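Note sheet for the following structure.
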Amino acid sequence: MRRKLIKHFFLTLIVLIVFPIAGCWDTNESERMVYAQGLGVDYKDGHYTVYLQVINLRLMAKSESSGPGGAQVNVEVGHASSKSFDKAVFNLYKSAQRRIFWGHLSYLVFTEDALKHVGVKATIDMLDRYRETRYRIWMYATKEPLSKVFVTTPILDMSTALSRLSDPKAAFHQSSFIRPIDMRELLIALDEPGHEVIMPFISISAKAWVTDKGGHDAIKIDGIAVTTADALKGDITNDYAIGFRWMSKDFVRDGIEVKSKEGSKVNLVIEKLKVKVLPVVKNSNIHFNVQIKAKAVVLVLVEKVNLARLATETEKEIKKQVMETYTKGLSIDADVYRLSEALYRRNVKAWKQAEHNGKIPLTKDSIKLDIKVKLVNGAKQRGEPTIE
């Protein structure tokens, strides 16, 4: 009897061990799949064209010695077209050699044509519904051909997982020009007044870096694209976009060149920035008091200058840049600093009375700037040139 009980016990134990193992039989082995890294959306002649960049996982782990087999492929891009976005993706599957895993999708690039004609609705809706994709997908816009954007790889043969597009915060912490935005923030921006989203506008800088094998193209941030869910309003690039950084609450640091009263050019680094937007409502008149407080460090100084006057000139330059970006935004009917949302948060009653299509009318006089710059660090490091 005792022997039978022991036999039954071991049989039960074996069954309990085997059943959990059986649950893994239908899983996909990681080395037998390809991993989506970047997705591009273009639109021409009534057809969507999707571009898919797949990541080479072997580049994630650096080996001390490279094995045989010749040159290594850093990136591979597939593309397919159809009259709808979802059909274009399924047409892409037809040429895929293995199952595509979307859980590592890092960034999404819209062409200017796609934003103008079809907006972001269909693409974002599908990505939001699909079980494998996540909300931490970085959003970009461009005029460049996506076939070129997706084969522009990082320098030093780094993995594409460390590219400017898939890991934008690394560069943003050193130079806070345009803040990166992910899919979660895009959905929030389109849902809140004034129902516009601002995403980084990228381009290809030809031969920006040089290696022992020749020139190396690089992705760079040119400015911003302003779009609704349905259509692109316009883009603001180059010098017209540089004021955007001074209104960003996520600002970390960036440089600014100022001409002093003495006539020399002084380069400074703004390291700390505080921004407050305060709506002021008087009857039907609405304007916004914007307070910007910044701390600056002198980066390059070739001759002695008056520090108090230098701080004043820095304030004037920041004000000029903020207003240029704001005015450029007004020319494309865009609320680049999201002033409508600021009023909505603080005084929803006034917002309801003034709003039209989700945002309030803005003019050049709707914004009043109060900028204070404090020069930090001390003595010769700050006030005098290193070499007289």
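The values are calculated or read from the model by the stated rules, or taken from the named source; none is laboratory data. Source: prediction; values computed, not measured. As a convention, Cβ positions derive from the backbone with ideal geometry for all residues, glycine included, and neighbour counts pool all protein chains shown. With ligands, DNA and RNA removed, areas are computed over all heavy atoms of the protein, side chains included. Shrake-Rupley method; radii C 1.70, N 1.55, O 1.52, S 1.80 Å.
Given the residues ALA231, ALA206, which is the only one that is under 30 Å from LEU299 (Cα atoms) and either surrounded by fewer than 16 Cβ atoms within 10 Å (Cβ to Cβ) or among the polar types (S, T, N, Q) (or both)? Outline the logic, then answer.
Working: ALA231 fails: under 30 Å from LEU299 (Cα atoms).
Answer to the selection: ALA206.
Filter segment 234-244 down to the residues that are over 19 Å from LEU165 (Cβ atoms) and in contact with an Asp or Glu (Cβ under 9 Å, 6 or more places away or on another chain), then identify the one that is surrounded by the fewest Cβ atoms within 10 Å (Cβ to Cβ).
Across segment 234-244, the extreme among qualifying residues is ASN238.
List, please: which pairs have Cβ atoms under 9 Å, are six or more places apart or on different chains, and start with a residue in segment 263-291 that is closer than 15 Å to ILE367 by Cα and hydrophobic (A, V, I, L, M, F, W, C) and end with one that is open to solvent by 90 Å² or more (accessible area, probe 1.4 Å) and part of a strand (DSSP E or B)?
Final answer for the pair search is VAL275/LYS293; VAL280/LYS368; PHE288/LYS368; VAL290/LYS276; VAL290/LYS368.
Can you give me the number of residues within segment 110-132 that are farther than 23 Å from GLU144 by Cβ, touching a Leu at 6+ places or on another chain (Cβ under 9 Å) and in a loop (DSSP other than H, G, I, E, B)?
Adding up the residues that qualify gives 1.
Give the residue, chosen from ARG179, ARG164, that is of a type in the set (Lys, Arg), in contact with a helix residue (DSSP H, G or I) (Cβ under 8 Å, 6 or more places away or on another chain), in a loop (DSSP other than H, G, I, E, B) and within 26 Å of LEU57 (Cα to Cα). Let's see the steps before the verdict.
Values: ARG179 fails: within 26 Å of LEU57 (Cα to Cα).
Residue meeting the stated conditions: ARG164.
It is to be established whether one or more residues within segment 282-297 are more than 18 Å from LYS374 (Cα to Cα), hydrophobic (A, V, I, L, M, F, W, C) and surrounded by 13 or more Cβ atoms within 10 Å (Cβ to Cβ).
yes
Here are ILE219, ILE224: which of them is assigned to a strand (DSSP E or B), closer than 27 Å to LEU362 by Cα and within 16 Å of the chain's Cα centre (by Cα)? Talk me through it step by step, then tell me what you get.
Details: ILE219 fails: closer than 27 Å to LEU362 by Cα.
Criteria check complete, one pass: ILE224.
For segment 209-228, give me each residue that is exposed (fewer than 14 other Cβ atoms within 10 Å of the Cβ) and of a type in the set (Val, Ile, Thr).
VAL210, THR211
Give me the residue from segment 137-159 that is more than 16 Å from the chain's Cα centre (by Cα) and β-branched (Val, Ile, Thr) and, out of that set, most open to solvent (accessible area, probe 1.4 Å).
Result: VAL151.
Quickly run through segment 88-130 and pick out the residues that are closer than 18 Å to GLY78 by Cα, in contact with a Phe, Trp or Tyr (Cβ under 7 Å, 6 or more places away or on another chain) and open to solvent by 70 Å² or more (accessible area, probe 1.4 Å).
Matches in segment 88-130: HIS104 only.
Using the structure shown, decide if GLY223 is of a type in the set (Gly, Ala, Ser) and over 24 Å from LEU156 (Cβ atoms). Break it down stepwise before answering.
Values: of a type in the set (Gly, Ala, Ser): yes; over 24 Å from LEU156 (Cβ atoms): yes.
When the stated conditions are applied, GLY223 passes them.
Which members of segment 172-188 meet the condition of being aliphatic (A, V, I, L, M) and in contact (Cβ under 8 Å) with a residue 40 or more places away in the chain?
ILE178, ILE181, MET183, LEU186, LEU187
Mind checking which residues of segment 264-277 are touching a Phe, Trp or Tyr at 6+ places or on another chain (Cβ under 7 Å) and either closer than 15 Å to LYS372 by Cβ or charged (D, E, K, R) (or both)?
LEU273
Which residue is nearest to ASP113 (Cα to Cα), if the candidates are limited to segment 245-257 and must be surrounded by fewer than 20 Cβ atoms within 10 Å (Cβ to Cβ) and not aliphatic (A, V, I, L, M)?
Here the residue is SER248.
How many of the residues in segment 227-245 are closer than 16 Å to TYR326 by Cα and assigned to a strand (DSSP E or B)? Walk me through it before giving the result.
Our first condition is that a residue be closer than 16 Å to TYR326 by Cα; within segment 227-245, this holds for 227, 233-245.
From what's left, assigned to a strand (DSSP E or B): 227, 233-237.
Counting residues in segment 227-245 that are closer than 16 Å to TYR326 by Cα and assigned to a strand (DSSP E or B) gives 6.
Any residue in segment 86-109 that's part of a helix (DSSP H, G or I): show its pairings with residues that are open to solvent by less than 50 Å² (accessible area, probe 1.4 Å) and β-branched (Val, Ile, Thr) at Cβ separation under 9 Å, as long as the two are six or more apart or on different chains.
ALA88/VAL41; ALA88/THR49; ALA88/VAL50; VAL89/VAL50; ASN91/VAL50; LEU92/VAL50; LEU92/ILE100; TYR93/ILE100
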